Amino acid sequence: MTHDHFSRRSLMIMAGVGTAGLALGTSMIKPRDNGGNHDDYFLKLQVALKNTGLAKPTLIIDRGRLVENIQNVQQYLPSDMGFRIVTKSLPSIDLIDFILSKSNTRKLMVFHQPFLNQLVKKIAIEDAVLGKPMPVLAVARFYQKLQADELNVASNIQWLVDSLDRLKEYSSLAEQLRIKMKINLELDVGFHRGGFPDTEQVITALKIIDTNEYLQFAGYMGYDGHISIFGKYVGEADKALADTSEKYGKFITTAQEYYGDRWVKDDLTFNTGGSTTIKIYKEGQNVTPANDLAMGSGFIKPRFCDATMKDFQPAVFIASPVLKVSEGIKIPGRAYRASWYKMWNPNQAKSFFIYGGRWMAEPVSPTGLINNSVYGRSSNQDLFNGSESINLKAEDYIFFRPNQTEGVLLQFGDIAVYEDGQIVDFWPVLQDTGYEV
């Protein structure tokens, strides 16, 4: 057999089907043409980018859609629970401030010490809960970087503590700095990512807090991510929520019994919730003993929110210029023939190399773009294959939807703000520089 005369078996191998596909034999279904072109929305977005001269990978937020999502979330927020914005998913002062102004809240959840220092400088924080426990050195660094006029804002921060050992470290730091610190205890109510596992340890923690004049008990955080992420293991959301709420309630009762006459529930934060679970709390404290909800990603809806936030609109995209377009797939090697790929899979008829790539994101427009498993991925010039139906040319754009927001939004510099067919603003992202040295 020569390289120019291949059996159907050889064609399937060269098309990247592999041994699993060969096992299907004659039942193998030839891929259909999935290619398409930008719809009117993405055509307008492409024009806006070109008119603004944005010729590099760019993170875009659609402000109109963002406003609609902010308005939409209001219908799910119960009147008897507080609400705070999760900043790790929205790492831009302007973006956070915009959402705060439209959401009727000044409460935040923060996950990174350098960002916390910047937020204290720029935003009048009424209440901030740390979303994860910080190393004690990071807490010390936070206070070292504070200016004298920022101490009042810093006093509104609730430091998250997940263990007795960490609490003892924080206690020593507070005494050393002679600074009042609010302590929020992380509870393990089902996600099993750490936190206090039982009421006995919580009682010990409360005693440590109570005997230190610089510490103040501020409440609990009981993250409920298991309800949406591990649904097939924990059961339907209603059942999982009931189980979680029962555990949470026991921790609250423990604190109430410990403090007795000193107990003032209205002064305490009992946080729960997230973008993928926010809707299940619509009935408020009829379904949970918690009194505080948090959400971040859902405002701009990356892909991981799709299953639980179907009535929200995607409002964040990555745009990358197409650098090169070529026919077929030019993979080095004597055995390669572009026609084999194209003959079997029409979605491998063209190659598109883009500016950058390999982000935690998937192409959304034009439709039908796929990665090539033989050629591999690149952060410099990523390759996507598509069919003849895709009419992209060099200097057009491919649009992606991030799989998640945290981390991804920090990779592109200033966020381009899109509204009514134009790029109307640029929102700088939070930075690490200047706060770690």
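Residue by residue, here is whether (1) at pLDDT below 95; (2) within 19 Å of N291 (Cα to Cα); (3) among the basic types (K, R) holds:
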| site | (1), (2), (3) |
| --- | --- |
| L185 | no, yes, no |
| D188 | no, yes, no |
| H192 | yes, no, no |
| E200 | no, no, no |
| T204 | no, no, no |
| K207 | no, no, yes |
| Q216 | no, yes, no |
| F230 | yes, no, no |
| G235 | yes, no, no |
I'm trying to understand the selection: among the residues of region 74-91, which are farther than 12 Å from D292 by Cα and surrounded by 22 or more Cβ atoms within 10 Å (Cβ to Cβ)?
V86, T87, S89, L90, P91
Output yes when any residue across region 80-88 is in a helix (DSSP H, G or I) and either within 28 Å of T211 (Cβ to Cβ) or touching a Lys or Arg at 6+ places or on another chain (Cβ under 6 Å) (or both), and no when none is.
no
Please identify the pairs in which a residue from region 308-332 that is without any contact (Cβ under 8 Å) to a residue 24 or more places away in the chain has its Cβ atom under 8 Å from the Cβ atom of a residue that is not hydrophobic (A, V, I, L, M, F, W, C), counting only partners at least 6 apart or on another chain.
G328/S339; G328/Y341; G328/K342; G328/Q348; G328/K350; G328/S351; K330/Y336; K330/S351
If we keep only residues of region 340-396 that are assigned to a strand (DSSP E or B) and of a type in the set (S, T, N, Q), then the residue nearest to G36 (Cα to Cα) is S365
Filtered residue count, region 182-199, keeping only those that are under 15 Å from L160 (Cα atoms), in a loop (DSSP other than H, G, I, E, B) and acidic (D, E)
1
Looking at region 182-216, which of its residues are touching a Leu at 6+ places or on another chain (Cβ under 6 Å) and surrounded by 20 or more Cβ atoms within 10 Å (Cβ to Cβ)?
I183, N184, E186, G195, F196, A205, I209
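Filter region 129-159 down to the residues that are of a type in the set (S, T, N, Q) and under 21 Å from D188 (Cα atoms) and list them by number. Break it down stepwise before answering.
Here is the first cut: in region 129-159, the ones of a type in the set (S, T, N, Q) are 144, 147, 152, 155-156, 158.
Answer for region 129-159, where residues must be of a type in the set (S, T, N, Q) and under 21 Å from D188 (Cα atoms): just Q158.
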In region 48-63, how many are surrounded by 13 or more Cβ atoms within 10 Å (Cβ to Cβ) and in a helix (DSSP H, G or I)?
5
For region 295-314, give me each residue that is within 13 Å of the chain's Cα centre (by Cα) and among the hydrophobic types (A, V, I, L, M, F, W, C).
M295, F299, I300, F304, C305
When you look at L268, is it farther than 30 Å from D306 by Cα, crowded, with 18+ Cβ neighbours inside 10 Å and in contact (Cβ under 8 Å) with a residue 12 or more places away in the chain, yes or no?
yes
Top-ranked residue in region 132-154 [being more than 27 Å from E406 (Cβ to Cβ) and not charged (D, E, K, R); ranked as farthest from the chain's Cα centre (by Cα)]:
A148
Residue count, region 125-167, condition charged (D, E, K, R) and over 22 Å from T204 (Cα atoms), comes to 6
For region 388-429, name all the residues that are closer than 12 Å to P57 by Cα and among the polar types (S, T, N, Q).
Q411
Does region 313-321 include one or more residues that are under 26 Å from K107 (Cα atoms) and crowded, with 20+ Cβ neighbours inside 10 Å?
yes
Taking the criterion of being more than 28 Å from I300 (Cα to Cα), surrounded by 13 or more Cβ atoms within 10 Å (Cβ to Cβ) and under 32 Å from the mean Cα position of the chain (by Cα), would at least one residue in region 272-284 satisfy it?
no
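Across region 239-258, what is the total count of residues that are farther than 14 Å from G273 by Cα and within 27 Å of the chain's Cα centre (by Cα)?
Residues in region 239-258 being farther than 14 Å from G273 by Cα and within 27 Å of the chain's Cα centre (by Cα): 3 in total.
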Go through region 406-429 residue by residue and tally those that are modelled with pLDDT of 95 or more, under 16 Å from the mean Cα position of the chain (by Cα), in a loop (DSSP other than H, G, I, E, B) and not aromatic (F, W, Y).
2
Among the residues that make up region 96-108, is at least one of them in a strand (DSSP E or B) and among the β-branched types (V, I, T)?
no
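The values are calculated or read from the model by the stated rules, or taken from the named source; none is laboratory data. Quick caveat: nothing in here was measured; it's all calculated off a predicted structure. With ideal geometry, Cβ positions are generated from the backbone for all residues, glycine too; neighbour counts draw on all protein chains shown.
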